[in-house]
1. Conditions first: (1) under 17 Å from Val10 (Cβ atoms); (2) of a type outside the set (D, E, K, R); (3) touching a residue at least 24 places away in the same chain (Cβ under 8 Å); (4) crowded, with 17+ Cβ neighbours inside 10 Å. Asn115 passes all but one, so which condition is the exception?
2. Scan the range 116-126 and give yes if some residue there is modelled with pLDDT under 90, in a helix (DSSP H, G or I) and among the hydroxyl-bearing types (Ser, Thr, Tyr), otherwise no.
Amino acid sequence: MANIENNLGVIAMEIDTPDIAEAHFGEALTKYQSKSNRSSNVTSGINLLFVFLIQDQQLNYRRLSPSMTRLTEVFPNVTRQNTLFWLNTVFQIRQGLVLNEQIKTQLEDSFYKINDSKLQFSLKKHFAKELNVNVPLPIKIPQQQSIPLWFNEINQCDWEQLKKHKI
């Protein structure tokens, strides 16, 4: 159920309904916490932090951020760690932090360490302008798909013959 809630939250984010996404991510986080699923706890927690920033809910961000930061720092996932860096930087700017070139460079570098193109798109869409960073989305190189071995055998199948045998 927690996975379903998290996925519904992602869909809600994709259709720009952060209030609905917040409800789903919150439910996902609650369910993951009850099962002590650290990996998923980090994912849903970061998703919830993301929504809090979009909705400018600074108090909710401030409440959830310390525990998610601790979990994310010890969790060996570069994408999650770099996403949290972006989110925490947005929050800090809203609290009065002045960006310098070093932080901008770190933001740009961390953006390309995020191994999720949809997440990169969303970060860019919602926060790049506010952070005053220029982060072009990476160009996807189309991968050649290899044809599975079983595909040739299916193509050679005589479907009409099988219909006669009612298989």
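1. (4)
2. The answer is yes; a qualifying residue exists.
The values are calculated or read from the model by the stated rules, or taken from the named source; none is laboratory data. Note that the structure is a prediction, hence the values are computed from the model and not measured. FYI the Cβ positions are ideal-geometry reconstructions off the backbone, even for glycines, and counts take in every protein chain you see.
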